[in-house]
Amino acid sequence: MLDLKTDDIPTNLVDLQMLVSSNKDALQLAREGLQKQCRVRDYSPYTVLPDIWGMQSLASAFKAEGELAEMQGHANEAATSYLDIVHLANESCRGGIFFDGLNEKIIEGWGTDSLRRLVPQLDAKTCRHTAATLETLDLQRQTSDDIIAHEWSHRTYTSIKDEYERLVHYKDNKAMMQDFKMDWIRQQTLTRHLIIDLAARAYALEKGHAPAIAADLVPDYLKVILQDPLTGTNMVYLP
């Protein structure tokens, strides 16, 4: 697979077709892998860092595939590629540490931003499927607390010097983890709003009118009324 970044994705049809074709086997293999239980490798020692660039290259290849489908007028197919980005993001940090969590947030944002832009173009079936899949992924995702706990469990302090370093940087590390937790909550909130928007579009296309409130989407379009990750209260649908 090519070493690919989102900034490297071409904007003309011919080059985009060549890029997607060259990554076809890698994407197929990734999709097969995502059907299985996934988790990151065990980092031992801690100095072995996650392969964040490899994950971002794979996510960029999915994004290129989606953009090609859009360019060819196939919005529903593009949604599948962007949904795979979110799935990859969720699995890329399972059992991982801080760097995995940062990478997950970045990649998930690529997928949800692309899906959000597509919502008005999607048919009811695709909206239903995408909303249901995102809802399932959201229920199964690692929490920020899980990732922070894994991070601290991998930080071993075996000498007086290590313990001194820990104490010196304790406040900075704690603040960094708190910032990460808030960024994680913001991304999860955006993803849940996207789920509601997709379900609401499916509802509107099938019933001929928009839902009045989020509760109208349950249980036919969503399993439950989604909760605001920060407040724990029901999220609101705004037509």
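Throughout, read-outs are computed from the coordinates displayed, never taken from laboratory work. Quantities reported herein were computed from a predicted structural model and do not represent experimental measurements. Here the Cβ positions follow ideal geometry from the backbone for every residue, glycine too, while neighbour counts run over all protein chains shown.
At the listed q of 0.27 Å⁻¹, the Debye profile of the range 73-151, built from one uniform point per Cα, gives log10 I(q)/I(0) equal to -1.22.
Rounded to 0.05, the FRET efficiency of the Asp123 and Asn173 pair, given R0 = 41 Å and the Cβ-Cβ distance, is 0.30. As a length-normalised measure over Cα pairs under 8 Å and 6 or more apart, the relative contact order of the chain settles at 17 percent. If you compute mean projected area of the Cα convex hull in nm² for the structure shown, which of (i) 13.4; (ii) 14.4; (iii) 15.5 do you land on? It is the one labelled (ii). When each of the peptides 197-209, 216-228, 9-21 is scored by how many other beta carbons lie within 10 Å of its residues on average, the order from highest to lowest is 197-209, 216-228, 9-21. Counting charges near Glu70 (Lys, Arg +1; Asp, Glu -1) among other residues having Cβ under 14 Å from its Cβ returns a value of -1.
If only the Cβ of Lys and Arg carry +1 and only the Cβ of Asp and Glu carry -1, the dipole of the chain around its Cα centre is close to 440 debye. Other residues within the sphere of radius under 11 Å centred on the Cβ of Asp138, judged by their own Cβ, net out at +1 (K and R +1, D and E -1).
Of the complete DSSP H runs in the chain, those spanning 30 angstrom or more by Cα along the long axis with a mean Kyte-Doolittle score not below -1.0 are 98-118, 170-207.
Starting from the Cα of Val236, move 7 Å in the Cα-to-Cβ direction to define the label point; list residues of the range 175-189 whose amide nitrogen is under 18 Å from there. Residues 189 fall inside that zone. Label reach from Met182 (point 7 Å along Cα→C-beta): in the range 107-121, no amide nitrogen lies under 14 Å. Each Lys or Arg adds one and each Asp or Glu takes one away; over the other residues whose Cβ falls under 14 Å from the Cβ of Pro239, this sums to 0.
A viscosity of 1.567 mPa s and a temperature of 4 °C, combined with the Kirkwood radius over C-alpha pairs in the Stokes-Einstein formula, give the range 11-140 a diffusion coefficient of 85 µm²/s.
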